[in-house]
1. If only one of Leu79, Leu16, Leu57, Leu12 is of a type outside the set (D, E, K, R), in contact (Cβ under 8 Å) with a residue 24 or more places away in the chain and in contact with a Cys (Cβ under 8 Å, 6 or more places away or on another chain), which one is it?
2. Do we have Leu59 as touching a Pro at 6+ places or on another chain (Cβ under 8 Å), modelled with pLDDT of 95 or more and buried (at least 24 other Cβ atoms within 10 Å of the Cβ) here?
3. Which one of Gly209, Gly214, Gly120 is out of contact with any Lys or Arg (no Cβ under 7 Å at 6 or more places or on another chain), open to solvent by less than 30 Å² (accessible area, probe 1.4 Å) and at pLDDT below 90?
4. Tally time: how many residues in region 320-344 are among the small types (Gly, Ala, Ser), surrounded by fewer than 18 Cβ atoms within 10 Å (Cβ to Cβ) and touching a helix residue (DSSP H, G or I) at 6+ places or on another chain (Cβ under 6 Å)?
5. Output the residues belonging to region 21-36 that are of a type outside the set (Phe, Trp, Tyr) and either part of a loop (DSSP other than H, G, I, E, B) or open to solvent by less than 40 Å² (accessible area, probe 1.4 Å) (or both).
6. Please work out which one of (1) of a type in the set (Val, Ile, Thr); (2) surrounded by fewer than 18 Cβ atoms within 10 Å (Cβ to Cβ); (3) without any contact (Cβ under 8 Å) to a residue 60 or more places away in the chain is the condition Val415 fails and give its number.
7. Of the conditions (1) closer than 23 Å to Thr505 by Cβ; (2) open to solvent by 30 Å² or more (accessible area, probe 1.4 Å); (3) among the aromatic types (Phe, Trp, Tyr), Tyr467 satisfies every one except a single condition; which number is it?
8. Residues of region 385-401 being within 16 Å of Ser81 (Cβ to Cβ) and either without any contact (Cβ under 8 Å) to a residue 12 or more places away in the chain or touching a Gly at 6+ places or on another chain (Cβ under 9 Å) (or both), which ones?
Amino acid sequence: MIRRNLLPPFILVVSLLILYWHTLAPGLTWANDGSDGGDLIAAAATGGVPHPTGYPLYLVVARVFQLLPIGSLAFRTNLLSAIATAAAAGLVYSLAAQAASQSHKERDWIAGLAAGYAFGLAPLIWSQAVITEVYALQSLLLAIVLRLYAVPAQSRPARRKGLDRWRGVAMGLAACNHVTIALLAPIAFVAGSIHRKAIAEDEQDIDTGGSWYGNLEINWGALLRQLVLFAAGLSLYLILPIRALAQPPVSWGTVVTPARLWWLVSGQLYQSYYLQFTLTDIWDRVQSWAVLLLQQFGLPGVILGLLGLIVFGKRLRLLMLTGWTAGIFTLFAIIYGSIDSYVYLIPVFLSFSVWIGLGIAGVGHQFVRWSPMLKIGMLLLLLSYLAARSTINIQQVDASNDVRAESFGREVLSVVPENAILFAEGDRSVFALWYFHFALGERPDLAILAADMLHFDWYQENLRATYPALVVPGPFPWPETIAEANASRPICYVDYADHTTVNCTPGIASP
């Protein structure tokens, strides 16, 4: 039997899982800008290293899911996103339910459900819950970090030290899934280490009432424990060189040296995206941010969120953490110029979902004096509103019928001649073919080359290790020079825009 206080979050998580299950991609998918899926699935399945920043924690967790005896390899990896997102919604419930309660021991289940459903049904969150990508797991890790750091100070030294260690490990592991969690680290470490001198003997902290801004001090022992365990969590990145030494077919950077590992982890490949904008671009991005916020929650949700943050939020520690998270990730998404930078707003929407829970709790408390049922009525009204919006959002995020990537891969591998060298361009084409060729082991006679990556020395090394019979002339091979050096093999060029294009020329027979 489920304890009564656990029933609301149980209903939340299970209902979201059912919804995600019915909209989950059944295989490899390009839905919801999920073109990186083939790279991530193949890297996890073959012991490889995916595109920067490497995502070592994701690789480990994804591989566990890939061992499940259900569906295709891609489906199992997609399932990770669904479960991680539903679990993240459960933690959003916990954050809002505790923050909206009248004491640390209570839980406001109405606030929790409002926050959890606002998060889980937001179209951006939902879109990442049904495909293979790192952002669903990152939302779970972010929720774990916020939950740990939102916990009030522990009265017993042993418990306090244990909490410090869990905080550090969680932050380190979250950074092993996506390095952007480092944007949260400064305020988190401060919030986890600062106390008021006046109440130090009682082991209370800034989350209590009174003049929180006076007599503050840093608990250096707590800070040190968090930093040490943070570094310990980061050590998971060391599995990337170990994987690269085995020469897997998917091995971005071939990170067998410190310089190459830093190139991968620091994302140097994408650093040209930073600060490449004009003032007009910034204004356009700010407007896009506002539109996207409205798309997630609608005007009523935005109003409730702002009320929760500005009027009804009482737990200073949580407000510090979520406020910083929303602000810093908004700034990052605005200055990072990639076409998919909107996904970095997921932490913003997670924070806003918590504020929506605080908002509905605060407004509901005003009505309780007339009738307790009015507060429940508000929750039902909000849930009906979110459900109505979901009937529209589902058309945007549903990946259950997207078979473009699967059809592309099967079509290409069925038409190219035996022993061909196949040049692919673009993430969609390359990663989809890697999935079929490397992860599923189909058409081992082929050599599949990413034309856009031939100029990297590490990729040339990777090709020579993966295809020993392939001649890769250096130092700057191009498709034409590789075709000339392997003249006896058929050469094919493949691409996908609105449809699959495959052009092949036969090899030159030996005299």
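The values are calculated or read from the model by the stated rules, or taken from the named source; none is laboratory data. Small disclaimer: the values here were computed from a predicted structure and weren't measured. Cβ atoms come from the backbone with ideal geometry, glycine included; neighbour counts cover every protein chain shown. For the accessible areas, the whole protein counts, side chains as well, though only heavy atoms, and no ligand, DNA or RNA atoms are used. Shrake-Rupley method; radii C 1.70, N 1.55, O 1.52, S 1.80 Å.
1. Values: Leu79 fails: in contact with a Cys (Cβ under 8 Å, 6 or more places away or on another chain); Leu16 fails: in contact with a Cys (Cβ under 8 Å, 6 or more places away or on another chain); Leu12 fails: in contact with a Cys (Cβ under 8 Å, 6 or more places away or on another chain).
Checking each option against the conditions leaves just Leu57.
2. Values: touching a Pro at 6+ places or on another chain (Cβ under 8 Å): yes; modelled with pLDDT of 95 or more: yes; buried (at least 24 other Cβ atoms within 10 Å of the Cβ): yes.
Yes.
3. Working: Gly209 fails: open to solvent by less than 30 Å² (accessible area, probe 1.4 Å); Gly120 fails: at pLDDT below 90.
Just a single option satisfies the conditions, and that option is Gly214.
4. Taking region 320-344 and keeping what is among the small types (Gly, Ala, Ser), we get 323, 326-327, 333, 337-338, 341.
Now narrow it down to the ones that are surrounded by fewer than 18 Cβ atoms within 10 Å (Cβ to Cβ): 323, 327, 337-338, 341.
In the following step, the residues that additionally are touching a helix residue (DSSP H, G or I) at 6+ places or on another chain (Cβ under 6 Å) were identified as 337-338, 341.
So the answer is 3.
5. Applying the first criterion (of a type outside the set (Phe, Trp, Tyr)) to region 21-36 yields 22-29, 31-36.
Correct list: Thr23, Leu24, Ala25, Pro26, Gly27, Leu28, Thr29, Ala31, Asn32, Gly34, Ser35, Asp36.
6. Only one criterion in (1) of a type in the set (Val, Ile, Thr); (2) surrounded by fewer than 18 Cβ atoms within 10 Å (Cβ to Cβ); (3) without any contact (Cβ under 8 Å) to a residue 60 or more places away in the chain is unmet by Val415, namely (3).
7. Here Tyr467 meets the rest and fails (2).
8. Ala399
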